[in-house]
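The values are calculated or read from the model by the stated rules, or taken from the named source; none is laboratory data. It should be emphasised that the depicted structure is a prediction, and the values quoted were computed from it without experimental measurement. Methodologically, a virtual Cβ is constructed for each residue, glycine included, from the backbone with ideal geometry; neighbour enumeration extends over all protein chains shown. Note: areas computed on protein heavy atoms with side chains; ligands, DNA, RNA excluded. Shrake-Rupley method; radii C 1.70, N 1.55, O 1.52, S 1.80 Å.
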Amino acid sequence: MLASMNIALVAAHGCHGLITSRALLRTLARTRANLGVAICGNCFAARRSSSSKSSVFPCECSTTDITVTQTATDSAENGYPQYHRLLPCPSFKEPPRVEHLVVLEEGPVVEYISKSLDLPPLYVADLIHFGAVHYALVCPQPPPTATPEQIRLFKKFTEPTFLKGRKSIKGKTMGEAQKTFRITRIDDFVEVGMYLRVYVHPKRFPRCYEIDWKSRIIAVTESYVVLDKPAGTSVGGTTNNIEETCVTFATRALGLTSPLWTTHQIDNCTEGCVILARTKEYCSIFHCKIREKKVMKLYLALAAAPVPMGIITHYMRPINLAPRLVSKDCIDGWNLCQLEVLECREVSWPVADIEAKYCIEDCGWPSKKKAYECKINLLTGRTHQIRAQLADCGAPLVGDSIYMPAAVAEMANPGSNPFGRSKKEYTSEEDKEIAVAEWIALHGKEPALAIGLQAYEISWDSGEHSYNAGTPWWNQGQL
């Protein structure tokens, strides 16, 4: 498997615009029609073709079945078996699958991937629609785990004599040519020596199809939209799914002709206030306000144990992978994390029905009689900051299957956290690295849907603009 590269969230460029075969263009023209979707109630219904049929797809974590239209390929036309389209969302999870290809024969990208991976062309077109196909003009450096064949291909297609014959990389440095971009057009061509990364099973967000998105709109102005983001959804998309997003569904719910813009992020498992810009210009303006610390974000956190009042300071390891590791000691190169706990009050642990509705995971916490609702002023905006900091304080968020298992382990075996309050002294850096790896292994998996965290208030320009989210999920049973 070839090394992953940083993904630029921009339109793909640099592919040759040659002419596709007529048969393939006819097939893909139908694909574009089938990829059109319309909002119907709380679900998306793919437009039917003459070969489509209806099926029931219960979305994950849903309490009721949602009837949608399923489109299948015409196996007699293209020789591939029938298959389930990416839209609408299936009720089952596919195992992760990422394929890395070096192009050996130029041609239409859909055709090449279909032949290389034995996938139906319409399915590949769906993947491109989802943003699940990326390319680089030149194959990136293989990782240590690469096979001899992958290393051979890399050497072959990065030979200076071969690269000299490629007009598409003329004037580019090797680093520039190895940057990856998203392929956005099904009629793009690929040339010999290009690199393709195909997420065959994109990360899905079935929650998107359960939400009444109009009811989640807090405010609409000329410049921005305020959304009460549901838990279990992505604000602006992931590396392999830019279709099932808050931006996409909010745009459609409001009937806007121009797509909304993401101005900031909150975790997929977090709910609450998100500002979506209506223009690129206001998106830049809001980014500037964030940089100048003119935007204030208040959170409600449902912790499993009491949290001390006042400012809590940690330092976070600067590695962009979960779990985020934090330390109360200042470590050279680690990022400052600060939050202020304004209130902490004892509340009841969410009832079983509410936990089931929001797929709250057990995580092994020993006592589930009381929880603690904390009002938090976020002073720095690091990824997973509240989750990691509160877990390090022995008060992980309810349902946080990434951070709570490690906090439980530290309670049972103080000192297992190499950066914790009871951390041990290590005789060598190697021993410490082993301890860090063992600590990371104690963390759990990504939450299925929600955790006890809500971005409940956002304001800027000294409170001139201020908005609040609705009732957090853990209080829904009290309504």
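Computed values, structure above
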| read-out | value |
| --- | --- |
| Conditions (1) open to solvent by less than 40 Å² (accessible area, probe 1.4 Å); (2) touching a strand residue (DSSP E or B) at 6+ places or on another chain (Cβ under 8 Å); (3) at pLDDT 95 or above; number of the one not met by residue 218 | (1) |
| Residue check, residue 348 over 24 Å from the mean Cα position of the chain (by Cα) and closer than 17 Å to residue 472 by Cβ | yes |
| Residue in the range 310-332 that is polar (S, T, N, Q), open to solvent by less than 50 Å² (accessible area, probe 1.4 Å) and touching a residue at least 24 places away in the same chain (Cβ under 8 Å) present | yes |
| Selection within the range 198-215 - more than 30 Å from residue 136 (Cα to Cα) and open to solvent by less than 10 Å² (accessible area, probe 1.4 Å) | 208, 209 |
| Residues of the range 427-455 satisfying the condition of being in contact with a Leu (Cβ under 7 Å, 6 or more places away or on another chain) and not aliphatic (A, V, I, L, M) | 452, 454 |
| Residue match in the range 295-308 (condition: farther than 30 Å from residue 408 by Cα and part of a loop (DSSP other than H, G, I, E, B)) | no |
| Options 233, 257, 262; residue that is within 15 Å of the chain's Cα centre (by Cα) and open to solvent by 30 Å² or more (accessible area, probe 1.4 Å) | 262 |
| Close pairs (8 angstrom Cβ cut-off, 6 or more residues apart or separate chains): within 16 Å of residue 297 (Cα to Cα) in the range 252-272, surrounded by fewer than 22 Cβ atoms within 10 Å (Cβ to Cβ) and among the polar types (S, T, N, Q) anywhere | 267/383 |
| Pick from the range 173-197, criterion crowded, with 23+ Cβ neighbours inside 10 Å and either of a type in the set (Ser, Thr, Tyr) or more than 16 Å from residue 159 (Cβ to Cβ) (or both), ranking: modelled with the lowest pLDDT | 186 |
| Filter pass, residue 401 being surrounded by 15 or more Cβ atoms within 10 Å (Cβ to Cβ), in contact with a helix residue (DSSP H, G or I) (Cβ under 6 Å, 6 or more places away or on another chain) and among the polar types (S, T, N, Q) | no |
| Unmet criterion (only one of (1) polar (S, T, N, Q); (2) out of contact with any Phe, Trp or Tyr (no Cβ under 6 Å at 6 or more places or on another chain); (3) in contact (Cβ under 8 Å) with a residue 12 or more places away in the chain) for residue 223 | (2) |
| Count of the range 112-171 residues which are more than 30 Å from residue 89 (Cβ to Cβ), among the hydroxyl-bearing types (Ser, Thr, Tyr) and surrounded by 13 or more Cβ atoms within 10 Å (Cβ to Cβ) | 2 |
| Unique residue being more than 30 Å from residue 213 (Cα to Cα) and open to solvent by 40 Å² or more (accessible area, probe 1.4 Å) when the list is 468, 413, 417 | 413 |
| Filter result for the condition that a residue is open to solvent by less than 70 Å² (accessible area, probe 1.4 Å), touching a helix residue (DSSP H, G or I) at 6+ places or on another chain (Cβ under 6 Å) and either touching a residue at least 24 places away in the same chain (Cβ under 8 Å) or assigned to a loop (DSSP other than H, G, I, E, B) (or both), over 359, 337, 374, 344 | 337 |
| Flag for residue 434 being open to solvent by less than 30 Å² (accessible area, probe 1.4 Å) and within 21 Å of residue 326 (Cα to Cα) | no |
| Qualifying residue in the range 332-340 (condition: farther than 19 Å from residue 386 by Cβ and out of contact with any Pro (no Cβ under 9 Å at 6 or more places or on another chain)) | yes |
| Which numbered condition residue 425 misses (of (1) of a type outside the set (Ser, Thr, Tyr); (2) loosely packed, with under 14 Cβ neighbours inside 10 Å; (3) closer than 30 Å to residue 225 by Cα) | (3) |
| Single residue of 289, 280, 297, 293 found to be open to solvent by 20 Å² or more (accessible area, probe 1.4 Å) and at pLDDT below 95 | 293 |
| Failed item, numbered, when residue 409 is tested on (1) assigned to a helix (DSSP H, G or I); (2) at pLDDT 90 or above; (3) over 21 Å from residue 394 (Cα atoms) | (3) |
| Subset of the range 381-398 that is under 21 Å from the mean Cα position of the chain (by Cα) and open to solvent by 20 Å² or more (accessible area, probe 1.4 Å) - its residue that is modelled with the highest pLDDT | 384 |
| One residue from 337, 363, 359 being under 14 Å from residue 443 (Cα atoms) and under 26 Å from the mean Cα position of the chain (by Cα) | 363 |
